[in-house]
Structures are given as C-alpha cells and as structure tokens.
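For reference, the structure is listed below as structure tokens.
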Amino acid sequence: MQDDDGTTFEDDVLEWSVHLLRIKPQRGAGAGAVAALFLGLMYWGTQDLAMLAVATLALVVALNSFLFPLRYRLDHEGVKLRTILGSQEFKWRRFKDYHEHPDCLELSFGRRDLRSRILRAVYLYFPEEPADMRTHIVRRALAEFRYDDPHENDDIDSAPSNER
C-alpha cells in the first residue's frame with residue numbers, strides 16, 4: 001500500500017522519508033546561526049578561504065542528516081538508513097534496547113564492540129504524514145526486535161508495598 005507522499009507500509013517492508021529541517025525549522029534557524037557565527041569567527045581568525053571551505057564542508061557533513069532528507073527501510077532483516085552521503089544497514093539482532101520519544105523511536109546497541117560504543121543508537125524519526133505512520137513504524141520495528149519489554153508485566157498488583 002502506498003500513500004500520496006510515497007510512503008509505503010506493507011507486511012514485509014516499511015519505507016518512509018523524513019526531512020528534519022522541515023519538521024523542526026526553529027532548530028534549523030538556531031543551528032544556522034551557530035554555524036554562521038562559527039564560520040565568521042574562523043574566517044576572522046585565519047583570513048584563509050581554503051580553511052573556511054574545509055570548515056564549511058565539515059559542518060555540512062556533520063549536519064547532513066538534519067539538512068537533507070533521511071530515507072528509512074524496515075524489513076525482516078533490519079533497518080536501512082539512507083542519507084545524501086550514503087547508506088547504512090543494521091541487523092535487528094544488534095539492537096539491545098529501545099525507547100520511544102515524541103518524534104522518534106530510538107533503537108540502542110549493546111556495548112560489545114568499539115563501534116557500538118561510538119554509535120550508541122539509530123533514531124527512526126516519524127514522518128508528519130500520515131498520522132498513523134508512527135504506529136506502523138513502532139509495530140514493525142518491535143515485531144522484529146525480539147526484545148523482552150521490561151514494562152510488559154507491570155501490574156498494579158506487583159507494585160512494591162510500603163511495609164517496613
């Protein structure tokens with residue numbers, strides 16, 4: 001099934017695209033002001049256009065997932081994240097924990113190797129449209145997650161008593 005904006009959600013694969021700069025324009029304005037200040041101070045201090053170009057390129061690379069659209073694909077094997085600079089694939093078995101935020105689903109890695117200590121999580125940002133897409137993303141991700149939810153068995157009866 002495909003929506004008007006090109007978003008698809010099927011039983012096998014879930015794909016969508018998010019442009020964070022459009023969703024959070026205030027944050028973009030703040031980042032732009034800080035970047036302009038940084039580049040202005042750098043040029044004022046060095047007076048070197050080549051160094052300014054390198055610094056500008058470094059900022060664009062660092063902020064690429066915010067400045068340009070992110071494309072997600074969730075299937076039975078894992079998560080594929082594409083940006084303007086390339087793509088990354090993560091297998092479901094690598095994720096050890098998850099947390100829902102108002103605007104995204106955070107899939108966290110275990111801390112077994114060096115890369116997972118540096119790259120702590122993958123964030124699946126929810127698109128603004130369609131409204132029910134958030135539910136599809138969470139269900140699709142958690143269906144493959146194979147993670148025992150610690151909050152799953154929380155009952156009122158199992159609350160600790162105040163006995164001393």
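The values are calculated or read from the model by the stated rules, or taken from the named source; none is laboratory data. All of these numbers come straight from a predicted model, not from anything done at the bench. Cβ sites come from the backbone with ideal geometry, for glycine too, and all protein chains shown count toward neighbours.
Give the residues of segment 101-128 that are modelled with pLDDT of 70 or more, part of a loop (DSSP other than H, G, I, E, B) and within 20 Å of Thr83 (Cα to Cα), sorted by residue number.
Asp103, Arg120, Phe126, Pro127, Glu128
How many residues does segment 133-153 contain that are of a type outside the set (A, V, I, L, M, F, W, C) and either surrounded by 10 or more Cβ atoms within 10 Å (Cβ to Cβ) or modelled with pLDDT of 80 or more (or both)?
So in segment 133-153, the residues of a type outside the set (A, V, I, L, M, F, W, C) come out as 134-136, 139-140, 144, 146-153.
The next check asks that each one be either surrounded by 10 or more Cβ atoms within 10 Å (Cβ to Cβ) or modelled with pLDDT of 80 or more (or both); those that pass are 134-136, 139-140, 144, 147, 149.
Of the residues in that region, 8 qualify.
Among the residues of segment 18-29, is there at least one that is part of a loop (DSSP other than H, G, I, E, B), at pLDDT below 90, within 21 Å of the chain's Cα centre (by Cα) and not assigned by TED's automatic domain parsing to the domain that holds Arg134? Working first, answer last.
So the first thing to find is which residues in segment 18-29 are part of a loop (DSSP other than H, G, I, E, B), and the list is 19, 24.
Filter again for at pLDDT below 90, leaving 24.
Still in the list and also within 21 Å of the chain's Cα centre (by Cα): 24.
Now restrict to residues that are not assigned by TED's automatic domain parsing to the domain that holds Arg134: 24.
Yes, because at least one residue in segment 18-29 is part of a loop (DSSP other than H, G, I, E, B), at pLDDT below 90, within 21 Å of the chain's Cα centre (by Cα) and not assigned by TED's automatic domain parsing to the domain that holds Arg134.
For segment 43-59, check the following and say yes or no: at least one residue is surrounded by fewer than 16 Cβ atoms within 10 Å (Cβ to Cβ), at pLDDT below 90 and not in a helix (DSSP H, G or I).
The answer is yes; a qualifying residue exists.
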